[in-house]
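Below: the structure, in structure tokens.
The values are calculated or read from the model by the stated rules, or taken from the named source; none is laboratory data. All values derive from a computational prediction rather than experimental measurement. Counting neighbours? That spans all protein chains shown, and the Cβs are built from the backbone with ideal geometry, glycine included. Heavy atoms of the whole protein, side chains included, go into the accessibility calculation; ligands, DNA and RNA do not. Shrake-Rupley method; radii C 1.70, N 1.55, O 1.52, S 1.80 Å.
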Amino acid sequence: MISRKVNNVQEALEGIQDGQTIMLGGFGLCGIPENSIAELVQKNVTDLTCISNNAGVDDFGLGLLLQKRQIKKMISSYVGENAEFERQMLSGELDVELTPQGTLAEKCRAAQAGIPAFFTPAGFGTEVAEGKETREFNGKMHVMELAYKADFSIVKAWKGDEAGNLIFKGTARNFNACMAGAAKITIAEVEELVPAGTLNPNEIHIPGIMVNRIFQGEKFEKRIEQRTVRQRS
């Protein structure tokens, strides 16, 4: 069985260069590849195009890359709780392509499946559809969307084995599952890396064939983006 294990995050991110397009899994701060994002900051790669549901918060997640002006373009569905993201977008410093959330997910999944394009009703009649082919299906207008083309996809999983098989936990499955295998090279960081054959095949969410490199992350913070607590009586 082919081993896709690499020793650390530095080896995992080898080959990432300025100007490339990178998919990053996660939703808000849930299931984001924390170690990989921190290493991108250290590598100081610039002019990146990042495909992610949102950009974390000001001092965590993709917000760290925004602080250092390493991201040239954000393709996302939500500005979120990141004030710096909002500031750069409104000032014109950052190129932003806002995409309906379901469309963003499907553009990732289509790339994963090798499907070059698809039609969706989302966005018809709005700015989202400008310059795109439209077609009527069953009496309803649809917009043609192209699958994403990315150099790297970086995902976070709860558990994985050395063959690259992945298991996600709870809502951390989010965009991680549809981004795995959707780029030229997929990198997975996991909380626990086990020998091949250890995982129950019935519990695997993403097969190892979709993963090129896998490593065990460390010191995950797992921050809560919005903490809501009940007032004490």
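Using the structure shown, list the pairs from Lys107/Lys184; Lys43/Lys68; Lys73/Lys107; Lys43/Lys169; Lys68/Lys159; Lys169/Lys219 with a Cα-Cα distance above 19 Å, or answer none.
Lys43/Lys169; Lys68/Lys159
With θ set to phi - 60°, apply the Karplus curve 6.51 cos²θ - 1.76 cosθ + 1.60 along the stretch 213-223 and write out the HN-Hα couplings as whole Hz, x wherever there is a Gly or Pro.
Couplings: 9, 9, 8, 8, x, 8, 6, 5, 7, 6, 5 Hz.
Determine the relative contact order of the stretch 1-60: mean sequence separation of Cα pairs under 8 Å and six or more apart, normalised by residue count, in whole percent.
Working: 55 pairs, mean separation 24.6, N = 60.
Across the stretch 1-60, relative contact order equals 41 percent.
What is the mean projected area of the alpha carbon convex hull for the stretch 11-57, to one decimal in square nanometres?
Details: hull surface 13.0 nm².
With the hull built on Cα positions only, its mean projection is 3.2 nm².
Mean separation of Cα pairs under 8 Å and 6+ residues apart, divided by the residue count of the stretch 99-233: what relative contact order is that in percent?
Taking the mean separation of contacting Cα pairs over the length of the stretch 99-233, I get 23 percent.
Return the carbon/sulfur percentage of the accessible area of the chain, one whole number, probe 1.4 Å, all protein chains in place.
Exposed carbon and sulfur together represent 47 percent of the surface.
If we sort 112-119, 221-228, 184-191, 63-70 on the protection proxy, mean other Cβ atoms within 10 Å, highest first, what's the order?
Order by mean packing, descending: 184-191, 63-70, 112-119, 221-228.
Is it possible to state the helix-based mean residue ellipticity at 222 nm for the chain, with each DSSP H run of 4+ residues giving -39500 (n - 2.57), the sum divided by total residues, to the nearest 500 deg cm²/dmol? What is it?
Per the formula, -5500 deg cm²/dmol.
If contacts are Cα pairs under 8 angstrom and at least 6 residues apart, what is the relative contact order of the stretch 139-201 in percent? Present the calculation step by step, with values, prior to reporting the outcome.
Values: 91 pairs, mean separation 27.3, N = 63.
Relative contact order of the stretch 139-201: 43 percent.
Dipole of the stretch 49-135, Cα-centred, from +1 at each Lys and Arg C-beta and -1 at each Asp and Glu C-beta, to the nearest 20 debye?
Value, rounded to 20: 340 debye.
Can you tell me the convex hull volume per residue for the stretch 1-154, based on C-alpha atoms, in Å³ to the nearest whole number? Intermediate results must be reported in sequence, preceding the final value.
Working: hull volume 20.5 nm³, N = 154.
So the per-residue Cα hull volume is 133 Å³.
Scaled to the compact-protein estimate 2.2 N^0.38 Å, what is the alpha-carbon radius of gyration of the stretch 126-233, rounded to two decimal places?
This ratio for the stretch 126-233 stands at 1.46.
So, by mean Cβ neighbours within 10 angstrom, what's the order for 204-217, 89-102 with the highest one leading?
Details: 204-217: 19.7, 89-102: 14.4.
Most protected by this proxy first, the peptides run 204-217, 89-102.
Rolling a 1.4 Å sphere over the protein heavy atoms, what is the accessible area per residue of the stretch 53-116, to the nearest Å²?
I get 42 Å² per residue for the stretch 53-116.
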